[in-house]
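The values are calculated or read from the model by the stated rules, or taken from the named source; none is laboratory data. Remember, it's a predicted structure, so these values are computed and weren't measured experimentally. With ideal geometry, Cβ positions are generated from the backbone for all residues, glycine too; neighbour counts draw on all protein chains shown. Ligands, DNA and RNA are excluded from the accessible area calculation, which covers all protein heavy atoms including side chains. Shrake-Rupley method; radii C 1.70, N 1.55, O 1.52, S 1.80 Å.
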Amino acid sequence: MRTFGKIVVIGAGVLALAACGEKQNTAGSASSPAPAPSSSSEAGAASKGKECTADDVKTTGKFGEAPTITIPDDCDPPKKLITKDLEPGTGEGAKAGAKLKMNYSLVTWSNKQKLDSSFDRGEPFELDLGAGMVIKGWDQGLEGIKQGARRLLIIPPDLGYGQGGNGIAPNETLVFVTDAVSVPTDKG
């Protein structure tokens, strides 16, 4: 796995995650997928007086198309994991242990810029749900996702990268649009 694997791979502390690949990303550094966001993290920003909801984050595109993600300026990042199915999908929902193939696009809250996208590479990301291969926000936020579903994930820092790393600023909220390319069923 290229950039996303390096984003989700952190080897220490409560965010211990397994490596997802060995290829260099286009930014050139195996340990840092992209330059750290240049704006300050949310922790030091003044409150806007209300917490954002899934409906405040705007997305475009249908399943299989690279989405755009627009983060609002008039509300604060949520403090809890938020998921919203943008397209419902069909079949059984994914359970822990399922081998998923996902496409995704990631925008960081603090600078509202796309940091990574499997859509851009044309290669879905594979993971074992609930196995700790990815950040906790993915393991929790993708539970129940169905084949063909498009899901918005807004992941607070404690379920993402906490104090930062791998190009992610400290206390960064992560916003993903994910497409469930493959969700195996129990019926095998």
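Between residues in segment 140-160 that are in contact (Cβ under 8 Å) with a residue 60 or more places away in the chain and residues that are acidic (D, E) and open to solvent by 10 Å² or more (accessible area, probe 1.4 Å), which pairs lie under 6 Å by C-beta distance while being six or more apart or on different chains?
Short answer, once both residue conditions are applied: A149/D85; A149/E87; R150/E87; R151/D85.
Return the residue satisfying two criteria in turn: it lies in segment 117-157 and is closer than 17 Å to T90 by Cα, crowded, with 22+ Cβ neighbours inside 10 Å and not hydrophobic (A, V, I, L, M, F, W, C), and of such residues it is nearest to the chain's Cα centre (by Cα).
Here is the first cut: in segment 117-157, the residues closer than 17 Å to T90 by Cα are 142-152.
In the following step, the residues that additionally are crowded, with 22+ Cβ neighbours inside 10 Å were identified as 142, 145, 149-151.
Still in the list and also not hydrophobic (A, V, I, L, M, F, W, C): 150-151.
On the way: R150: 12, R151: 10 Å.
The qualifying residue nearest to the chain's Cα centre (by Cα) is R151.
Restricting attention to segment 78-99, which residues are touching a Cys at 6+ places or on another chain (Cβ under 9 Å) and β-branched (V, I, T)?
I82 - this is the single residue of segment 78-99 that is touching a Cys at 6+ places or on another chain (Cβ under 9 Å) and β-branched (V, I, T).
Going by what's in this entry, would G64 be described as touching a residue at least 40 places away in the same chain (Cβ under 8 Å), outside any strand (DSSP E or B) and open to solvent by less than 30 Å² (accessible area, probe 1.4 Å)?
Answer is no for this residue.
Test A94 against the criterion of being in contact with a Leu (Cβ under 6 Å, 6 or more places away or on another chain), aliphatic (A, V, I, L, M) and assigned to a loop (DSSP other than H, G, I, E, B), and give yes or no.
yes
Quick check on this structure: which one of K114, K79, K99 is under 16 Å from D56 (Cα atoms), open to solvent by 40 Å² or more (accessible area, probe 1.4 Å) and in contact with an Asp or Glu (Cβ under 9 Å, 6 or more places away or on another chain)?
Going through K114, K79, K99 in turn, the sole match is K79.
Please list, ordered by residue number, the strands (runs of 3 or more DSSP E) wholly in segment 122-188 having 1 or more residues that are at negative phi, small (G, A, S) and modelled with pLDDT of 95 or more. Let's see the steps before the verdict.
Numbers: elements: 125-128, 150-155, 174-182.
Those strands (runs of 3 or more DSSP E) span 174-182.
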